[in-house]
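S.K.: One structure follows; several queries about it will come next.
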Amino acid sequence: MYFAHSQNEVGDWHPLATHLTSVGRLASDFAGLTSWRHEAALAGLLHDLGKFADRFQSRLRGEESGLDHWSQGASLALTEFKSVAAALAILGHHLGLQRGDMESLRYLVPANLANSAVRGLSLSDSDLERLKLRAAQDGLVFTRPEVPLFTNWHLVIAAMLDVRMLFSCLVDADFLDTEAHFNGDAEGKRFRQASPPLNAEAAEAALNRFLSKTVRTVSTAATGVREAREHLWDAVTDAAQHPVGAFTLTAPTGSGKTLAMLRFALEHARRHGLRRIVLAVPFLTVIEQTARIYRTVFSDFHSHYVLEHHSLAGQGEESSRQDAEGDEARQRRLIAENWDAPIILTTNVQLLESLFSNRPSACRKLHRLRESVILFDEAQSLPAHLAVPTLAALSRLSESHGASIVFATATQPAFDTLHEAVKSHALCGWQPREIVPDTSALFALMPRRVEYEWRMRTGKTAWTDLAGELRDDACRQVLVVCNLKRHALALLDALAGVEGVFHLSTNLCAAHRRVVLDRVRERLATGQPCRLISTQCVEAGVDIDFPLVYRAFAPLEAIAQTAGRCNREGRLPTPGHVVVFEPDEKGDWRRRYPTFAYYQAAEVVRTLLIEGDALDLNDPEVFRRYYRSLYDVSKPDAQALKLTEALNAIDLARTAREYRLIEQNTFQLLVPWADRYDEFKALCDEADRTGINGDWMRRAQTLSVSVYRKADGPPAWAIPARLKRYRAGNAGVSEEWFILEGDYYDDTLGLMPPEGPQLFIA
């Protein structure tokens, strides 16, 4: 008898043949009716072939260590069964996906296998014939797939996604079967309870009930708003009958886009038998507000019908088995590992970076995207330099894995102009269908909420002059959005002594920002003076409503997003006022903008202003013109050179490192905000006493600030948190979590390190 895993709590060992058969079956089930389901099953049967070795059986008894038990199965998959995808998946199920070119896989040839070493490990057994014989004696039968998943890397992004999809089926099956063994009882393996399937018809009924309860709100809205919402509702209902594919949804702010997206997804899923709805948003503020709506709509459904997977939902970090968790929290954490829920709310970072990841934990959930409706809210937030590879991956997800993709926003990027560039990576390119047939007519129905004053056309504005203007009683309730933290602080200094001044930036921890916004909303509602000086962190998804807004000159989508905080509810008798000004700042773009791409996009706006009398931001065609001009200037298909090099090298590990929506050169800093100082102190004491773990990180998330790393290491005022130790030996310190030492957190300005304010965005 050969075993896959040691004994569980009831003393049962895990038979290897049972494990391999179960993983193969689960992997095939996850692949569904695809042409590569047999290849997924083969990967499951072969992934632990090296465990038939005597040395590995000794390892289970604690007599051996440092063994590679997966290369043997990968070797057979590649050389005997001609499956590159299965070979890569098997190799990666412990170490992560690596390089896929044949030169890198040459060591899997049986003649080279005995002399190969993976990261200093030794093979459990290099005799493939002996391992195959033992597998056959245990009743295992390996069958060559009739049609391998792919035969070359010509369309590299599409091919990589296919590999990751098979990889996802394998690693999720492996995790689940292993977990079931260790959770086993006297009756055998105990698999976790599966979440309920998506019942689109029942979910639609719940949405309709929710809407009927809120009909009064709609009925008191302006006639144009009611007509726009009805027009949008009809449009999404009609568009849902179209075949699975790529869609855009272009709708103005206030037209009910959030619920219209959900209606489209449910109706589309019902018509086409799709299994899941995934909503991805760029900002946590957006996801929290949307989650509240979804939880209300589906309040009578299973407790895990809607899964939030983002850091502030407590799912961002893995926690140890030693963590004390309630059954509900533990179940939610398990579901988040593989997205086994009918409706998922997550972030762009979590979803899109997983599509380019090489790690088993990140890729594990990808097979859940098959035959799903995937909604991207605020689609304009996708960085231009990642547009082509992202669209290529999503195109492949739709073309070959049966998913419908929806890009929704009021400021729709002209991604369809990148069609030919996308085709070089994924055969279908990017030609989405617009859900709203006449977007201009829809925008025309909405009352004009704001008017724009392009003051920057007549000159630059000094901070002192702007502060003098803001002191006037006519500006007693005003939002000012700056491009840099340094600019916001300069304006705050110039406003010293003025009543009702507030500050918002990512120098404030999340809990602090929430309290500031609550105070701002209260003062706005009661008519008190309220002057909010903010960075871009307020632009999208923050539900505040000012009658007057000032915006530092910026890319067009940023200006439009800021304008969404002005007369947001349309309650003013006349349109709100948005003033676009250019700060009187000397020097190159580094003194005026956070990044070169930001500066480049702003200059495109300047060119459009020079060419025309005005820019009507209520006209979606203006944004199409803007994005076309921006793509002509910025050449997004030629950007991301390091990512392109990784793709050309068929290096999945390097591709994962280079595809980043947000720069990862930051660390989390726990800060002593006065309102939550007792909680800060308790976290510090726990870190000092026992070290930190996943549960500590989740609790610390709202009291932390992201700080950019410097080349010479962390600053002296950031003390690394000690990691929790579970076994004998030194656990070391965290490279991601630090604790602020010193009085450098201000109750208004947030983190104010001795070196001075950071110059980075938001």
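The values are calculated or read from the model by the stated rules, or taken from the named source; none is laboratory data. It should be emphasised that the depicted structure is a prediction, and the values quoted were computed from it without experimental measurement. Cβ sites come from the backbone with ideal geometry, for glycine too, and all protein chains shown count toward neighbours. Side chains are part of the model used for accessible areas, which takes the heavy atoms of the whole protein and leaves out ligands, DNA and RNA. Shrake-Rupley method; radii C 1.70, N 1.55, O 1.52, S 1.80 Å.
S.K.: Summing +1 for each Lys or Arg and -1 for each Asp or Glu, what net charge is found among the other residues whose Cβ lies under 12 Å from the Cβ of Thr223?
M.R.: Net charge in that neighbourhood comes out at 0.
S.K.: If you take the C-alpha gyration tensor of the stretch 598-705, multiply each eigenvalue by 5 and take the square root, what semi-axes do you get, largest first, in whole Å?
M.R.: Those come to 43, 25, 10 Å.
S.K.: Where the only charges are on Cβ atoms (+1 Lys, Arg; -1 Asp, Glu), what is the dipole of the stretch 85-223 about its Cα centre, to the nearest 20 debye?
M.R.: 440 debye
S.K.: Quick one: which residues, 5 or more positions from Val450 or on another chain, have an amide H under 5 Å from its amide H? H modelled 1.01 Å from N in the peptide plane, none for Pro or chain starts.
M.R.: Those qualifying (amide H under 5 Å, at least 5 residues apart or on another chain) are Gly576.
S.K.: Three principal axis extents, largest first, for the C-alpha atoms of the chain, in Å?
M.R.: 87, 59, 50
S.K.: How big is D for the stretch 505-557, in µm² s⁻¹ as a whole number, if Stokes-Einstein is applied with the Kirkwood radius of its Cα pairs at 20 °C and 1.002 mPa s?
M.R.: Stokes-Einstein gives a translational diffusion coefficient of 175 µm²/s.
S.K.: Residue by residue through the stretch 482-497, what is 3J(HN,Hα) from phi via Karplus (6.51 cos²θ - 1.76 cosθ + 1.60, θ = phi - 60°)? Round to whole Hz and write x for glycine and proline.
M.R.: 9, 7, 10, 4, 4, 5, 4, 5, 5, 5, 4, 4, 5, 9, 3, x
S.K.: While we're looking at this one, here's another question. What dipole magnitude, in Debye to the nearest 20, does the chain give about its Cα centre under +1 on Lys/Arg Cβ and -1 on Asp/Glu Cβ?
M.R.: Using only the charged Cβ atoms, the result is roughly 240 debye.
S.K.: Set the bar at 27 Å for Cα to Cα. Now go through Lys586/Lys642; Lys485/Lys635; Lys423/Lys635 and name every pair that lies beyond it.
M.R.: Table pairs above 27 Å Cα-Cα are Lys586/Lys642; Lys485/Lys635.
S.K.: More than 19 angstrom separation, counting every C-alpha pair in the stretch 487-580; what % is that?
M.R.: That tail contains 41 percent of the Cα-Cα pairs.
S.K.: Counting other Cβ atoms within 10 Å, keep those with at most 16, restrict to DSSP loop, and tell me which GluC sites (Glu not before Pro) in the stretch 110-217 are left.
M.R.: Glu146, Glu187
S.K.: Could you give log10 I(q)/I(0) at q = 0.10, 0.11, 0.23, 0.25 Å⁻¹ for the stretch 431-519, computed by the Debye formula over C-alpha point scatterers of equal weight, without solvent?
M.R.: -0.45, -0.53, -1.22, -1.36
S.K.: Moving on to the next point. Just want the answer: with Cβ charges of +1 for Lys and Arg and -1 for Asp and Glu, which residue in Leu16, Leu284, Gly120 is farthest toward the dipole's positive end in the chain?
M.R.: So the residue we want is Leu16.
S.K.: Right, another one. Give me, ordered by chain and number, the residues 5 or more places off Phe546 or on other chains with an amide H under 5 Å from its own placed amide H.
M.R.: It is Cys566, Asn567, Arg568, by chain and number.
S.K.: Using the Karplus equation 6.51 cos²θ - 1.76 cosθ + 1.60 (θ = phi - 60°), what ³J(HN,Hα) coupling, rounded to whole Hz, does each residue of the stretch 381-393 give in order, writing x for Gly and Pro?
M.R.: 6, 5, x, 4, 6, 10, 4, 5, x, 5, 4, 5, 5
S.K.: Let me ask something else about it. Rounded, prolate or oblate: pick one for the stretch 1-152, where a ≥ b ≥ c are the square roots of the eigenvalues of its C-alpha gyration tensor, a/c under 1.5 means rounded, and failing that, prolate if a/b is larger than b/c, else oblate.
M.R.: oblate
S.K.: A further question on this structure: Divide the volume of the convex hull of the Cα atoms of the stretch 118-206 by its number of residues and quote the answer in cubic angstrom per residue.
M.R.: 274 Å³
S.K.: Leaving out ligands and nucleic acids, and using a 1.4 Å probe, what accessible area per residue does the stretch 24-103 come to in Å²?
M.R.: On a per-residue basis, the stretch 24-103 sits at 33 Å².
S.K.: Moving on to the next point. Report, in degrees rounded to the nearest 10, the 0 to 90 angle that the Cα long axis of helix 620-634 makes with the longest principal axis of the chain.
M.R.: The two axes meet at around 60 degrees.
S.K.: Leaving out same-chain residues fewer than 8 places away, which aspartates and glutamates sit with a Cα under 19 Å from that of Lys82?
M.R.: Glu39, Asp48, Asp101, Glu103, Glu129, Glu146, Asp162
S.K.: Once amide H atoms are placed 1.01 Å from N in the peptide plane, what residues at a sequence separation of 5 or more from Ala4, or on another chain, have their amide H within under 5 Å of its amide H?
M.R.: His14, Leu16
S.K.: Could you work out Rg/(2.2 N^0.38 Å) for the stretch 328-435, with Rg from alpha carbons only?
M.R.: Scaled against compact globular proteins, the figure is 1.11.
S.K.: Given the -39500 (n - 2.57) contribution per DSSP H run of 4+ residues, what per-residue ellipticity at 222 nm results for the chain, rounded to the nearest 500 deg cm²/dmol?
M.R.: Estimated from H runs of four or more residues: -13000 deg cm²/dmol.
S.K.: If exposed means no more than 12 neighbouring beta carbons inside 10 Å and the site is in a DSSP loop, what's the longest run of the chain without any exposed trypsin sites (Lys or Arg not before Pro)?
M.R.: Between exposed loop sites, the widest span is 322-570.
S.K.: List the lysines whose alpha-carbon lies under 28 Å from that of Lys724, not counting same-chain residues fewer than 8 positions away?
M.R.: The reachable lysines, counting only those whose Cα sits under 28 Å from Lys724, are Lys365, Lys681, Lys710.
S.K.: Could I ask something else about it? Let me have the relative contact order for the chain, percent, based on Cα pairs under 8 Å that are six or more residues apart.
M.R.: Normalised by residue count, the contact order of the chain is 13 percent.
S.K.: State to the nearest 20 debye the size of the charge dipole of the stretch 607-681 about its Cα centre, where the only charges are +1 on K and R beta carbons and -1 on D and E beta carbons.
M.R.: 400 debye
S.K.: Another question, then. ³J(HN,Hα) across the stretch 182-199 via Karplus (A = 6.51, B = -1.76, C = 1.60, θ = phi - 60°), whole Hz, x for Gly/Pro?
M.R.: 6, 8, x, 10, 4, 8, x, 4, 10, 6, 4, 6, 6, 6, x, x, 5, 9
S.K.: What angle do you read, to the nearest 10 degrees and between 0 and 90, between the alpha-carbon axis of helix 257-272 and the longest principal axis of the chain?
M.R.: Rounded to the nearest ten degrees, it is 30.
S.K.: Can you pull the percent of the stretch 140-201's accessible area that's carbon plus sulfur, 1.4 Å probe, other chains left in place?
M.R.: The value for the stretch 140-201 is 51 percent carbon and sulfur by accessible area.
S.K.: Over all distinct alpha-carbon pairs, what is the Kirkwood Rh of the stretch 219-311 in angstrom?
M.R.: 14.7 Å
S.K.: Here's a follow-up. Compute the long axis of helix 128-137 from its Cα atoms, compare it with the longest principal axis of the Cα atoms of the chain, and write down the angle in degrees, 0 to 90, nearest 10.
M.R.: 80 degrees
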